[in-house]
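**Student:** Sending over a structure as structure tokens; questions will come in a sec.
The values are calculated or read from the model by the stated rules, or taken from the named source; none is laboratory data. Quick caveat, the model's predicted, so the values are computed rather than measured. Cβ placement follows ideal geometry from the backbone for every residue including glycine, while neighbour counts extend to all protein chains displayed.
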Amino acid sequence: MNGAVFLAVYQRDLRLAWRRRTEALLPVAFFLVAASLFPLGVGPDPQVLKLIAPGVVWVCALLAAMLSMPPLYAADHADGSLEQLLLAPGAGVAVAAAKAAAHWTISGAPLVAAAPLLGLLLGLPAEELPVLFVSLLLGTPILSLLGGVGAALTLGLRSAGMLIVLIVLPLAIPALIFGAGAAAAVDAGQSPSPHLSLLGALLIACLLGAPPATAAALRIAVE
Amino acid sequence: MTSSNTTRADNGTMHTVNTSAATAAVRPRLTWFTFASPANFYRLAGVLGPVCGVIAAAFAIAGLWMGLFVAPTDAVQGEVYRIIFIHVPAAWLSMVLYVALAFWAAMGWFLNARMAFAFARAIAPTGALFTVLALWTGSLWGRPTWGTWWVWDARLTSELILLFLYLGYMALVAAIDDTRRADKAGALLAIVGVVNVPVIYFSVVWWNTLHQGSSLTMGKEQHMASTMLVAMLLLTLACWAYAFAVVFVRARAIVLEREADSAWARALVAPSNQGR
């Protein structure tokens, strides 16, 4: 992996996001709006809300991450800079990793920060909030990494948005199960650490596997 | 398209593909890659497709006869258990075909073989069909025995996710207009998917056991009557043969469409050869 390329792409993406701040805040706004629809949909019963809160927060985070994926490579692909980026030796993996890292910093981290607030809104007990926070902290990078594969595979396609959701969500199911399961385990009086350990293992696997897969998909898209 | 034209050069005589002389000329060079040539594959699949179809029909008739008339009524479940004869083969093939899809995708990726990609694409709809069949028959079976159409049991859930993986592959391949890119992108997705299948499966199993325990288990009898087993095996073979037949026919159509510019394909669809 090319460290200089990684840093350059990462910093550039952050700078671009900083110059379009409203756009960068859209995922977290979606996250809050979508999650607040659930009490309206299922009713305000605190018992029910407390039960479904971890799952609701996790599913909304999953959807927010997927919906913010299509623009990740789109602009660079459209103006040709992606092809130039991929020319440097060993750059594919570096670009993929930097893009995923930038996506997490811009849209994943705000989700993690907003999650305890949503947990409170949904009546989650105080002892479950840190677990939900940690599970999202471990889980949202997985979503950014897997979403990167989907974004690269669907680069430049007409229906890229829906396609990313369709092809990445099945792959993200383990993260959802262990992430939402961690908080639910606390609710059931169990330790959340097995869930969090498995989530950490998934994160390591995705860190190793997703950037090369994304790089391969990018090469297919620009060749 | 340029790549297919350059590889076409060594098959310059292929416009005489329908004459027995050409068949004889090709035969001495039978290697592992003989049928990786679209023209050769097209002829082979034209023979194997109908043969597999006939085998499938024969096994299906024998298996259905065994299953519906010879096999005894189950002591616990009564007549309803007979859906096992289609349910189990369908569930089995749904999983095997996904691995086959990923295998041919990987072959296409590493060997850069066009036929392998065509095969992967041809397998996907049949695999999805068997997944739907397994879910559907399982649902029909679950209603009288479990009292519900659906439970979020680990097996049912993982089969449903398998269906999503098939749908994702087919949607991605269909959405990309450029054939070469569609092949490779689909192959990458299939390979990523097959790596994930064990992870998904175990996560679903653990999710299920962590949460609700085994409230419902397969109410299967301990010892199957030998006629039941024979009927199930016959229908499994029928499903295998059907899958082969349909995949050959579909791959043949895909190849003909892709090689539409090549000499052998033109000769094949020329008016003088119609009806062959």
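**Student:** Between B:Trp136, B:Trp146, B:Trp152, which is more than 12 Å from chain A (Cβ to nearest Cβ), at pLDDT below 90 and out of contact with any strand residue (DSSP E or B) (no Cβ under 6 Å at 6 or more places or on another chain)?
**Tutor:** Result: B:Trp146 is the single residue among B:Trp136, B:Trp146, B:Trp152 that is more than 12 Å from chain A (Cβ to nearest Cβ), at pLDDT below 90 and out of contact with any strand residue (DSSP E or B) (no Cβ under 6 Å at 6 or more places or on another chain).
**Student:** So, one more: Restricted to the range B:70-87, and to residues that are aliphatic (A, V, I, L, M) and in a helix (DSSP H, G or I), which residue is nearest to the chain's Cα centre (by Cα)?
**Tutor:** Taking the candidates together, the pick is B:Ile86.
**Student:** Take the range B:158-190 and flag every residue that is at the interface with another protein chain (Cβ under 9 Å from one of its Cβ atoms) and among the β-branched types (Val, Ile, Thr).
**Tutor:** Selection gives B:Ile161, B:Ile176.
**Student:** Here's a follow-up. Do you know which residues across the range B:88-103 are surrounded by fewer than 18 Cβ atoms within 10 Å (Cβ to Cβ) and under 9 Å from the mean Cα position of the chain (by Cα)?
**Tutor:** Of everything in the range B:88-103, just one residue is surrounded by fewer than 18 Cβ atoms within 10 Å (Cβ to Cβ) and under 9 Å from the mean Cα position of the chain (by Cα), namely B:Val96.
**Student:** Oh, and also: If you scan the range A:1-23, which residues turn out to be at pLDDT 90 or above and surrounded by 12 or more Cβ atoms within 10 Å (Cβ to Cβ)?
**Tutor:** Hits for the range A:1-23 are A:Phe6, A:Leu7, A:Ala8, A:Val9, A:Tyr10, A:Gln11, A:Arg12, A:Asp13, A:Leu14, A:Leu16, A:Ala17.
**Student:** Scanning for something in a helix (DSSP H, G or I), touching a Cys at 6+ places or on another chain (Cβ under 9 Å), in contact (Cβ under 8 Å) with a residue 12 or more places away in the chain and closer than 24 Å to A:Gly139 by Cβ, does the range A:38-61 turn up at least one residue?
**Tutor:** Within the range A:38-61, one or more residues are in a helix (DSSP H, G or I), touching a Cys at 6+ places or on another chain (Cβ under 9 Å), in contact (Cβ under 8 Å) with a residue 12 or more places away in the chain and closer than 24 Å to A:Gly139 by Cβ.
**Student:** Do we find that B:Thr131 is of a type in the set (Val, Ile, Thr), more than 29 Å from A:Leu198 (Cβ to Cβ) and either more than 12 Å from chain A (Cβ to nearest Cβ) or not in a helix (DSSP H, G or I) (or both) in this structure?
**Tutor:** When the stated conditions are applied, B:Thr131 does not pass them.
**Student:** Kindly indicate whether any position in the range A:80-93 is touching a Pro at 6+ places or on another chain (Cβ under 8 Å), away from chain B (no Cβ under 14 Å) and under 30 Å from A:Glu223 (Cα atoms).
**Tutor:** Checked the range A:80-93: at least one residue is touching a Pro at 6+ places or on another chain (Cβ under 8 Å), away from chain B (no Cβ under 14 Å) and under 30 Å from A:Glu223 (Cα atoms).
**Student:** So if I check each of B:Thr137, B:Thr157, which one is among the β-branched types (Val, Ile, Thr), touching a helix residue (DSSP H, G or I) at 6+ places or on another chain (Cβ under 6 Å) and closer than 25 Å to B:Ala56 by Cα?
**Tutor:** Answer to the selection: B:Thr137.
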